[in-house]
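The values are calculated or read from the model by the stated rules, or taken from the named source; none is laboratory data. What you see is a predicted model, and the numbers here were worked out from it, not measured in a lab. Here the Cβ positions follow ideal geometry from the backbone for every residue, glycine too, while neighbour counts run over all protein chains shown. What goes into the accessible areas is simple: the full protein's heavy atoms, side chains included, and nothing from ligands, DNA or RNA. Shrake-Rupley method; radii C 1.70, N 1.55, O 1.52, S 1.80 Å.
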Amino acid sequence: MDNSLLAGLFHWYSPYDVAQTARQLEDALKVQGFTIFTHFDHSRAAQEVGYQMLPTVVLVFGNPKGGTPLMLAAPTLAIDLPSKILIRQDKNLTVEVFFNTMAYLKERHHLINMDKEVIDFDQKVREIIRSSLRPHHRCV
């Protein structure tokens with residue numbers, strides 16, 4: 001995966017379409033104790049106003065127990081929380097997943113003394129993305 005596309009974005013490819021990718025991620029996030037606050041279907045919204053956009057969805061998720069201490073330490077972090085995952089299909093029908101890393105947000109908001117929490121959060125979300133988007137092989 002090319003994780004250097006944009007600063008602070010973790011990048012992954014999904015073997016599923018956008019809708020299935022979103023379902024897989026929502027389910028996996030919930031199992032790990034995250035709340036799905038909402039999701040935005042940008043392509044549907046675009047269609048409603050006469051534009052064509054390839055499938056594009058943003059999942060908004062978090063855990064107030066984990067996020068609140070971070071926002072108390074750096075109040076401006078509230079502009080970027082809860083966390084978001086972008087799922088989009090490109091013109092080649094490739095489905096990509098992007099995640100704003102907490103490490104990037106830590107630097108952006110000058111969050112100090114929370115390195116372990118930041119590292120743990122990023123590792124957990126990366127593992128959720130990687131493990132829930134592996135193709136499932138059927139045994140024959």
Per-residue HN-Hα couplings for region 88-99 [Karplus 6.51, -1.76, 1.60; θ = phi - 60°; Hz; x = Gly/Pro]: 9, 9, 8, 5, 8, 6, 7, 9, 10, 10, 10, 9
GNM flexibility winner over the chain from 14, 43, 83 (Cα, springs under 10 Å): 43
Per residue, in Å², the accessible surface of region 1-57 once ligands and nucleic acids are set aside, probe 1.4 Å: 64
Computed [θ] at 222 nm, helices only, for the chain once each DSSP H run of length n ≥ 4 contributes -39500 (n - 2.57): -12000 deg cm²/dmol
Gyration tensor (Cα) of the chain, equivalent ellipsoid semi-axes in angstrom: 26, 19, 14
Solvent-accessible heavy-atom area per residue, rounded to whole Å², over region 77-129 at 1.4 Å: 54
Solvent-accessible surface (1.4 angstrom probe) belonging to residue 70, in square angstrom, nearest 10: 10
Chain lengthening between residue 38 and residue 78 when straightened (0.36 nm per residue, less Cα-Cα): 12.8 nm
Proximal lysines relative to residue 116, as straight alpha-carbon distance under 18 Å, when same-chain residues fewer than 8 apart are discounted: 65, 106, 124
Extreme residue, positive dipole direction of the chain, given options 28, 76, 121 (C-beta unit charges): 28
Among 40, 99, 61: highest mean-square fluctuation, GNM of the chain, C-alpha pairs under 10 Å: 40
Between 0 and 90°, nearest 10: helix 64-73 axis offset from the chain longest Cα axis: 50
Heavy-atom SASA rank of 93, 81, 133 (probe 1.4 Å, accessible area, largest first): 93, 81, 133
Point-to-point label distance, residue 126-residue 53, nm (Cα→Cβ direction, 7 Å offset): 2.9
With every protein chain in place, region 45-140: carbon and sulfur % of accessible area (1.4 Å): 57
